[in-house]
Amino acid sequence: MALKNDCFALPAGVAWTPVTEALADLRGRLSPVTGVEAVALGAAQGRILARDVMAPISLPPADNSAVDGYALAHGSLTPEGEQRLALVPGRSAAGAPFGGVIAAGQAVRVLTGGVMPDGTDSVVMDEDVDRDGDAIRFGSGLKAGANRRRAGEDIRADAPALTAGARLGPAAMARLASIGVAEVAAFAPLRVAVFSTGDELAEPGEALRPGQIYDANRAMLLSLVRAQGVVALDHGRIPDRPAAIADALATAARDADAVIVSGGASGGDEDHVSRELSRSGAMALWRIAMKPGRPLALGQIDGVPVFGLPGNPVAAFVCFLIFARPALCRLAGADWPEPMGYPLVARFSARKKPGRAEYLRGRADGTGGVEKFRSDGSGLIGGLVWSGGLIALDHDRGAVEAGEVVQFLPYAEFGVV
Ligand code: AMP
Ligand code: MG
């Protein structure tokens with residue numbers, strides 16, 4: 001499956017695209033790019049379903065008891081007074097059904113999960129019953145169908161159990177196992193190459209030379225990519241030389257289904273990533289109206305989508321969460337994710353003009369409020385460490401006064417801890 005070569009082309013004449021518009025555009029242009037394979041249930045954790053799964057059976061397969069007690073026909077009971085039924089020998093336990101038929105005026109022992117014996121439709125629970133030799137006694141008022149689980153009340157045969165695009169987490173694994181599905185059609189894991197650009201970057205563990213800084217983005221982006229359940233390929237650090245960057249892009253495009261690059265994306269002197277992507281002919285510098293984030297470079301090398309993120313770590317982080325993450329999910333075959341924002345009371349004030357979206361580093365205070373990091377500087381990794389999510393201020397919003405409601409997007413909403 002290939003993407004159209006112009007899938008990142010921008011609408012003509014648009015200067016600064018609002019975030020919501022840019023996301024809607026991206027969403028419309030991307031489709032799954034990996035193959036479909038059969039995966040055994042035991043190996044399917046985290047995979048993305050490629051086809052809907054219909055339930056081959058009903059669950060529960062048969063009516064059964066929700067409690068330990070005695071199964072009976074509700075028609076045997078009288079509306080008032082003490083109830084007395086003859087106890088039939090034998091029982092229905094989970095996995096060991098009762099073979100006979102229960103007649104009017106009779107009851108039989110049943111345990112939780114035991115199939116309802118023929119002739120019965122209700123269960124009176126142990127706690128309400130007195131044993132009296134070969135009979136049981138209990139009060140009136142038992143409802144028809146009491147303590148009975150119906151066949152198919154969880155799911156009916158042939159009903160949709162899970163839909164294509166679902167990521168298989170614990171609940172989905174239980175759903176599949178519960179209806180006896182041992183193998184699913186899943187997308188092959190998306191492979192994402194990550195590299196950093198910058199002459200100033202050194203590798204952790206090395207001694208810093210004058211003017212150098214450690215490459216923080218690569219470790220961060222590899223971690224962000226892995227958190228999405230896709231395969232992350234570490235393609236290292238690349239110096240700011242056009243030939244080196246062209247090589248790195250070509251290699252990454254050969255090895256991976258998508259490429260994430262940080263640094264050199266904005267069109268300045270050393271911004272070779274955007275230049276190389278433009279040279280390859282399928283590049284769009286998306287001027288997105290958001291902070292943090294300089295223009296995001298979206299391009300294709302040999303048909304493989306490349307996300308050129310800003311070099312500033314916080315900007316790279318935010319651009320990854322807002323743009324690259326949903327795009328990777330979609331390329332991997334998953335539904336387009338919509339992170340849920342929670343309305344919290346601002347415990348801060350912030351200057352802002354309408355006309356761009358802003359993402360501040362925030363921390364919920366546990367009493368319905370959210371604080372913001374002391375500085376908006378997009379180079380400060382301390383703000384990422386301190387925060388638990390992003391405070392999202394929409395495009396049209398103006399300044400925030402303490403006490404106003406703001407949307408808080410916990411990092412967990414992006415699959416990130
Ligand atoms: P650039 O987008 O390449 O112009 O980089 C913008 C800022 O981010 C500069 O201060 C860079 O030194 C810094 N930066 C770029 N890449 C990284 C990286 N991988 N880790 C840490 N800082 C970086
Ligand atoms: Mg750079």
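Here are the numbers for this structure:
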{"item": "Tally, over region 189-208, of residues that are out of contact with any helix residue (DSSP H, G or I) (no Cβ under 8 Å at 6 or more places or on another chain) and over 20 Å from Gly379 (Cα atoms)", "result": "4"}
{"item": "Per-region count, region 197-228, residues outside any helix (DSSP H, G or I), more than 11 Å from ligand 1 (Cβ to nearest atom) and open to solvent by 50 Å² or more (accessible area, probe 1.4 Å)", "result": "6"}
{"item": "Among the residues listed as Ala151, Ala164, the single one being small (Gly, Ala, Ser) and over 30 Å from Arg325 (Cβ atoms)", "result": "Ala151"}
{"item": "Members of region 130-151 that are within 13 Å of Leu77 (Cβ to Cβ) and not hydroxyl-bearing (Ser, Thr, Tyr)", "result": "Ile136, Arg137, Phe138, Gly139, Gly141, Leu142, Lys143, Ala144, Gly145, Ala146"}
{"item": "Those residues of region 308-327 which are under 16 Å from Trp286 (Cβ atoms) and either away from ligand 1 (no atom under 16 Å from the Cβ) or within 21 Å of the chain's Cα centre (by Cα) (or both), in sequence order", "result": "Ala316, Val318, Cys319, Phe320, Leu321, Ile322, Phe323, Ala324, Arg325, Pro326, Ala327"}
{"item": "Qualifying position, being closer than 21 Å to Gly415 by Cβ, touching a helix residue (DSSP H, G or I) at 6+ places or on another chain (Cβ under 6 Å) and not hydroxyl-bearing (Ser, Thr, Tyr), among Pro337, Pro326", "result": "Pro337"}
{"item": "Members of region 63-80 found to be closer than 10 Å to Val124 by Cβ and within 42 Å of the chain's Cα centre (by Cα), listed by number", "result": "Val67, Gly69"}
{"item": "Count - residues of region 365-417 that are part of a helix (DSSP H, G or I) and open to solvent by less than 30 Å² (accessible area, probe 1.4 Å)", "result": "4"}
{"item": "Residues within region 221-257 that are of a type outside the set (D, E, K, R) and within 19 Å of the chain's Cα centre (by Cα), tallied", "result": "11"}
{"item": "Residue check, Arg356 in contact with a His (Cβ under 8 Å, 6 or more places away or on another chain) and open to solvent by 40 Å² or more (accessible area, probe 1.4 Å)", "result": "yes"}
{"item": "Matching entry among Ala246, Ala232, Ala193, Ala171 (being within 18 Å of Gly308 (Cα to Cα) and part of a helix (DSSP H, G or I))", "result": "Ala246"}
{"item": "Within region 304-335, tally of residues that are in a helix (DSSP H, G or I) and more than 14 Å from Lys291 (Cα to Cα)", "result": "8"}
{"item": "Of residues in region 24-41 being open to solvent by less than 40 Å² (accessible area, probe 1.4 Å) and under 30 Å from Pro354 (Cα atoms), the one modelled with the highest pLDDT", "result": "Leu30"}
{"item": "Region 206-224: number of residues that are in contact with a Phe, Trp or Tyr (Cβ under 9 Å, 6 or more places away or on another chain) and either of a type outside the set (Lys, Arg) or outside the structural domain of Ala248 (by TED's automatic domain parsing) (or both)", "result": "6"}
{"item": "Of the criteria (1) over 16 Å from Ala43 (Cα atoms); (2) among the small types (Gly, Ala, Ser); (3) modelled with pLDDT under 95, which one Ala207 fails", "result": "(3)"}
{"item": "One residue from Glu37, Glu21 being in contact (Cβ under 8 Å) with a residue 40 or more places away in the chain, closer than 30 Å to Ile322 by Cα and not in a loop (DSSP other than H, G, I, E, B)", "result": "Glu37"}
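The values are calculated or read from the model by the stated rules, or taken from the named source; none is laboratory data. The structure presented is a predicted model; accordingly, all values stated were derived computationally and were not measured. Heads up, the Cβs are rebuilt from the backbone with ideal geometry, glycines too, and the neighbour counts pull from every protein chain shown. Keep in mind that these areas ignore ligands, DNA and RNA; they rest on the heavy atoms of the full protein, side chains included. Shrake-Rupley method; radii C 1.70, N 1.55, O 1.52, S 1.80 Å.
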